[in-house]
1. What whole-number distance in Å separates the alpha-carbon centres of segment 211-245 and segment 84-123?
2. Given R₀ = 25 Å, FRET efficiency for Asp350-Gln175 by Cβ-Cβ distance, to 0.05?
3. Please list, ordered by chain and number, the residues whose modelled amide H lies under 5 Å from the amide H of Asp108; skip anything fewer than 5 residues away on the same chain.
4. Would you calculate the separation in nanometres between label points at Glu259 and Lys325, each defined as 7 Å from the Cα along the Cα-to-beta-carbon direction?
5. Taking segment 85-160 on its own, what percent of its Cα-Cα pair distances exceed 14 Å?
6. Packing-wise, with mean Cβ within 10 Å as the measure, how do 112-122, 58-68 rank, highest first?
7. Please list 352-359, 288-295 highest first by mean number of surrounding beta-carbon atoms within 10 Å per residue.
8. Highest mean first, what order results for 88-95, 48-55 on Cβ atoms within 10 Å?
Amino acid sequence: MRQEARSHQHQTGQNGLSLTAAQLRRSQRMGRDDNSSDAGASEEVGRDKVLAFAVSSSGKLVALTDDSKRLVLFRCEPSWQCISIRWVVRRCTSLMFNKAEDALLATDKSGDVYSFSVETPQREGELKMGHLSMLLAVSMSPDDKYIITADRDEKIRVSPLTSPHNIQSFCLGHQQFVSALLVPSAHPHWLLSGSGDGTMKLWEYESGRKLQSWDLKELDPEAQHKSTVCRITSSPDNCHVAVQCERVSTLQFFTLDLEGKEKLVPQSRLSLPHCPLDIAFDPEGRLWVLMDSTDAPLQIYTHRRDFWECDAESPELNGVTEAFKPHWETLEASSRSESRFEHLHKVSFDNVTAYLQKKQQRLEEQQLKEGDGSESQWQQEGQEGHIGSWNLVIEHTGSYHCLYFSCFE
């Protein structure tokens, strides 16, 4: 959704991708034959479903990975070209190019981070670091000094890229998995994070200090429940930060204020006709929105006079939509609307409350049975005539009066 906005680039991209599909199928067969005993090879056949992709900051490189454990690297300029097809050990969850664009980082569902060379496209990936939980997002500092990873266990880890075993800091505070990360280019020491708990937080990541937190549900009066933050992106001039939540047809915008008391300030909200699937800013600062709609899958929004306005007559939008719609219609609606994060929410089991309730119920039932038993016993004995009479005897012993109660049959 960046430099592919030009129609002639999309035409070239279509031809390149058609050729690549055949290459991918051949590589999958060759990989299974040649690497059947290799742990890094893919032994399970996927559906060619793309799990993650990344575009370099210059827009010249594109990488994607699928459910067959293939990692494909493209060069976009001067024309689309498939540079390499490599294998990953496990299915990847996130990809990212470094600032120098000489390395590609890949995170997988087992918690490992691999670095793949761009300059040597056939070299195997190098294991950089590991985690105890599934990784969901990765980011890097603008100077490529730190690698920032987010996992399912609510943790954000900051590590030096050259020695990732020496952990710089942890950013702790989310109550659910961390699903989105962004280091604003204008504020290289800050980190924005989004989570399944429906909050977005601002960090000073080198120290792990939390600067601010916003509950997105409180900013949307129509929200019925907390939604997962699935995308955080900023405009090229860093004046606007757009936040997308899963299955929510509203985008929330923030501004970053370096001098103010509140660093992260809510700016505006944009209601969309359909739920967005992805968002991205182009170099001109316009917001491209990919939506779950067959009729109008793409829209461009421009910020004018403190409002975001839809630019439906954009020539670039029309060209990209025409090139995009034939492929869009081949996708099933169910695959577009399925949740990516629903299975990641942790379910808590409150065994103590249920135990205490059952215990209290047993005690009440036991007391009720004991009371009923005593009453029925007295009633039964009275009916049979076993109780004769009660006698009260008073004895005078000096200055004391002794009282005796006796019951006899």
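Every number in this text was worked out from the coordinates using simple rules, so none of it is lab data. The model shown is predicted, which means the values in this text are computed figures rather than measured ones. Every residue, glycine among them, receives a Cβ derived from its backbone with ideal geometry; neighbour counts consider all protein chains shown.
1. Here the two parts' Cα centres lie 28 Å apart.
2. With R0 = 25 Å, the Cβ-Cβ based efficiency is 0.95.
3. Thr93, Leu135
4. So the label points at Glu259 and Lys325 sit 4.9 nm apart.
5. That tail contains 57 percent of the Cα-Cα pairs.
6. Sorting 112-122, 58-68 by mean packing, highest first, produces 58-68, 112-122.
7. 288-295, 352-359
8. Descending mean neighbour count gives 88-95, 48-55.
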